[in-house]
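The values are calculated or read from the model by the stated rules, or taken from the named source; none is laboratory data. None of these values were measured; they are calculated from a predicted model. Cβ placement follows ideal geometry from the backbone for every residue including glycine, while neighbour counts extend to all protein chains displayed. Calculation scope for accessible area: heavy atoms of the full protein, side chains included, ligands and nucleic acids excluded. Shrake-Rupley method; radii C 1.70, N 1.55, O 1.52, S 1.80 Å.
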Amino acid sequence: MSILVNLGLGLLFGLGLIVSGMSNPAKVLNFLDLFGTFDPSLAFVMGGAVMVAFLGFRLVLMREAPLMAPRFQLPTRTDIDARLLVGPALFGIGWGLGGFCPGPAFTALGLAAPGTLVFIPAMLAGMWAARLIAERRNG
Amino acid sequence: MTTFTPLASFLGGILIGLSAVLMLLAEGRIAGISGIASRLFPPYADRGFAGRLAFIAGLVAAPLLYAALTGAAVLQTVSSNLVLMAVAGLLVGFGSVWGSGCTSGHGVCGLARLSRRSLVAIGIFMLAGFATVFIMRHLIGG
């Protein structure tokens, strides 16, 4: 059951990325190109997504528990540490180089552009390395 | 050049937001793609592995559903500079996990929860993205 629900949620999320244009690196790079071929479309993606999530999260969190898990698991940290400054900076540089963030990279996999096929394994390796290093430092 | 598509982008955003809301309703979790994808491999592939894999499979299959529903091809222009794409992938992967989230976890879910950490993260990755594209296109590329 959980597998089917997650598959559906991934499909819905992916459809949203495609309809919005977020899955096209050219559009992302133009969004980031303030002083060139600036295309502000992606601000509207954020607007739509945050609006729905802002209202929806409040409605959902009025419940005692989620439907398929014993409790809600929301991030609780509020501190601003060095990792929160360095991580997003590296992420932003990579985003600006390739035009992909993690979700859109997966929706691009099917079209099998050589750039995508290189980007995804590199991204997964980077993610895995970050988890390993973070854990070694903490533990 | 890409075309300005405010309506389609807004509509797509609504679908993304809806998926995040339903994820919270069903699983009680934040729909952060970097968190989901980074726990697909050992030693993190423990509880909830099948669900996470199914979510990623849904993302990968979405273009097929889109093409079936609309009859239109998915528009996509990816750089064919493979060294650049490898570096980009490493930075995106490492940075998103190191900073506890990406465009979905911090961007959509964090903003919706009015998280201070997410607001800081978004500010930094937007600035880094703007600066990188400026350097690549206007200082180096021209």
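Among the candidates B:L15, B:L59, B:L75, which residue alone is facing chain A (nearest Cβ under 7 Å), in contact with a Gly (Cβ under 6 Å, 6 or more places away or on another chain) and open to solvent by 40 Å² or more (accessible area, probe 1.4 Å)?
B:L15
Taking B:V133 and the conditions (1) assigned to a loop (DSSP other than H, G, I, E, B); (2) over 14 Å from the mean Cα position of the chain (by Cα), which numbered condition does it fall short on, given that it satisfies the others? So B:V133 meets the others, but not (1). Here the helices (runs of 4 or more DSSP H) wholly within the stretch B:1-112 that include at least 1 residues being under 16 Å from B:F125 (Cβ atoms) and aliphatic (A, V, I, L, M) are B:33-38, B:82-98.
The residue of the stretch B:31-56 that is modelled with the lowest pLDDT, among those that are open to solvent by less than 30 Å² (accessible area, probe 1.4 Å) and among the aliphatic types (A, V, I, L, M), is B:A31. Here B:A86 fits the description: within 21 Å of A:V118 (Cβ to Cβ) and surrounded by fewer than 24 Cβ atoms within 10 Å (Cβ to Cβ). Out of A:G21, A:G48, A:G56, A:G14, one residue alone is touching a Leu at 6+ places or on another chain (Cβ under 8 Å) and under 21 Å from B:R137 (Cβ atoms). It is A:G21. Selection of the stretch A:119-139 for residues being in a loop (DSSP other than H, G, I, E, B) and touching a Ser or Thr at 6+ places or on another chain (Cβ under 8 Å) yields an empty set. Scanning the stretch A:47-79 for residues that are more than 7 Å from chain B (Cβ to nearest Cβ), within 24 Å of B:V120 (Cβ to Cβ) and not in a helix (DSSP H, G or I) returns A:L61, A:T76, A:D79. All of (1) surrounded by fewer than 24 Cβ atoms within 10 Å (Cβ to Cβ); (2) under 23 Å from A:G14 (Cβ atoms); (3) facing chain A (nearest Cβ under 7 Å); (4) touching a residue at least 12 places away in the same chain (Cβ under 8 Å) hold for B:R117 with one exception: (2). Given the condition assigned to a loop (DSSP other than H, G, I, E, B), crowded, with 18+ Cβ neighbours inside 10 Å and small (G, A, S), answer yes or no: does some residue in the stretch A:84-105 qualify? Yes, there is a match, as at least one residue in the stretch A:84-105 is assigned to a loop (DSSP other than H, G, I, E, B), crowded, with 18+ Cβ neighbours inside 10 Å and small (G, A, S).
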